[in-house]
Amino acid sequence: MLKKLTKKILLNEDLRVEPGASIQTLYDIVSNIRVTNKRDTGRLQLAKEHIRSIKRQMRSLNERVSTLEEELKVLTEDK
């Protein structure tokens, strides 16, 4: 996969990364970080909560986009 990404970047090809996958990867990375003090533990918990919030917002936005696409489809069929 890394070879593909490098090739696309070097060739200036369109690189499309799904936001949901990026958010999940970020959450996994943050979840696997191990800390030894309370301050950093709290910061990681806050980061996880922000990522969960972004995930919920993405889900909501995707639902809204789907609804709007369906409405647009109905409107264009009526013409």
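Go through (1) in contact with a helix residue (DSSP H, G or I) (Cβ under 9 Å, 6 or more places away or on another chain); (2) open to solvent by 100 Å² or more (accessible area, probe 1.4 Å); (3) among the hydroxyl-bearing types (Ser, Thr, Tyr) and name the single condition THR36 misses.
(1)
Residues of the range 11-21 being exposed (fewer than 12 other Cβ atoms within 10 Å of the Cβ) and modelled with pLDDT of 85 or more, which ones?
Once the filter is applied, which keeps residues that are exposed (fewer than 12 other Cβ atoms within 10 Å of the Cβ) and modelled with pLDDT of 85 or more, the range 11-21 yields only ALA21.
Name the residue that is most open to solvent (accessible area, probe 1.4 Å), counting only residues in the range 50-79 that are within 20 Å of SER22 (Cα to Cα) and of a type in the set (A, V, I, L, M, F, W, C).
Looking at residues that are within 20 Å of SER22 (Cα to Cα) and of a type in the set (A, V, I, L, M, F, W, C), I get LEU61.
Taking the range 23-33 only, how many residues are open to solvent by 60 Å² or more (accessible area, probe 1.4 Å) and part of a helix (DSSP H, G or I)?
5
The values are calculated or read from the model by the stated rules, or taken from the named source; none is laboratory data. Here the structure is a predicted model, which is why all the values come from computation and not from measurement. Backbone-built Cβ (ideal geometry, glycine too); neighbour counts: all protein chains shown. Just so you know, the surface numbers come from the protein's heavy atoms only, side chains and all, with ligands and any DNA or RNA stripped out. Shrake-Rupley method; radii C 1.70, N 1.55, O 1.52, S 1.80 Å.
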